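These notes concern the structure reproduced below.
FYI, it's all coordinate maths here, none of it is from the lab. What you are looking at is a predicted structure, and each value in this text was computed from that prediction instead of being measured. We place every Cβ from the backbone using ideal geometry, glycine too, and count neighbours over all the protein chains shown.
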Amino acid sequence: MRTRSPISRFQFSLVAFALAGALLSGCASTKITSVWRDPAVGPVQFHKVVGVAMSQDATLRRLAEDEFVRAVGPAIALAGYSVIPDDEIQDKEKAKARVEAAGADGAVVFRLVGVEKQERWVPPTYYGNAWGYWGYAAPMVYEPGYLTTDRIVQIETAAYAVATARLVWAAHSDTLNPSDAKQLVGDVVRAAVERLRKDGLLPAK
């Protein structure tokens, strides 16, 4: 069973991440599940790029944008908060003017899409050999089977060419069972940067 919790497209909120982290256990795993590239645009590689996490929470925003600078490299990347003040993050025209004034030719924007729940059966673990479960007399149970609920946090990453304000690349990622917000944003940013490099939008490290 898989259900999606409603969430605003324009929120990359600390509350959502904190709730996800508080309810989860185990190791997080981030995977890029789909990638789109504008077929009408030729090869694009950014030489100065701003990383922006669409968040009203200043702490979470800085975590994500600082990680973007670390992953890409400070010679190329700018943290969005150093370019666009928190009180202007939702103002499209002001944000555009700030990014242009910074001399950036690219902008990479992270948005929370949603948080899904998925039930998963974890089978029991038994003592004995491979035939131990055979017959009427079941062996001693070492650990009983149980249902667990996974949380899948979905993030959209979008890359824009600043000169044309055109979306040139986008990706969707799923993170399974993040333990906290810091781990989540770190895993997502690094996965996105790796794919941006692979697709040629960022120079090789």
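One table, with the values for the structure above:
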read-out: Eligible aspartates and glutamates near residue 48 by straight Cα distance, threshold 12 Å, same-chain separation 8 or greater; value: 100, 105
read-out: Interchain or long-range residues, amide H under 5 Å from residue 52's placed H; value: 108, 109, 110
read-out: ³J(HN,Hα), Karplus 6.51/-1.76/1.60, whole Hz, each residue of the range 105-114, x for Gly, Pro; value: 9, x, 9, 10, 10, 10, 9, 6, 8, x
read-out: Residue 205 paired with residue 117, simple spin-label distance in nm, labels 7 Å along Cα-to-beta-carbon; value: 3.7 nm
read-out: FRET efficiency, 1/(1 + (r/R0)^6) with R0 45 Å, evaluated for residue 149 and residue 92 via beta carbons; value: 0.75
read-out: Label-point separation, residue 75 to residue 40 (7 Å along Cα→Cβ), nm; value: 3.5 nm
read-out: Approximate spin-label separation residue 58-residue 29, in nm, with each point projected 7 Å along Cα-to-Cβ; value: 3.8 nm
read-out: In range of the label at residue 100: residues from the range 28-62 whose backbone nitrogen is under 20 Å from the point 7 Å along Cα→Cβ; value: 46-52
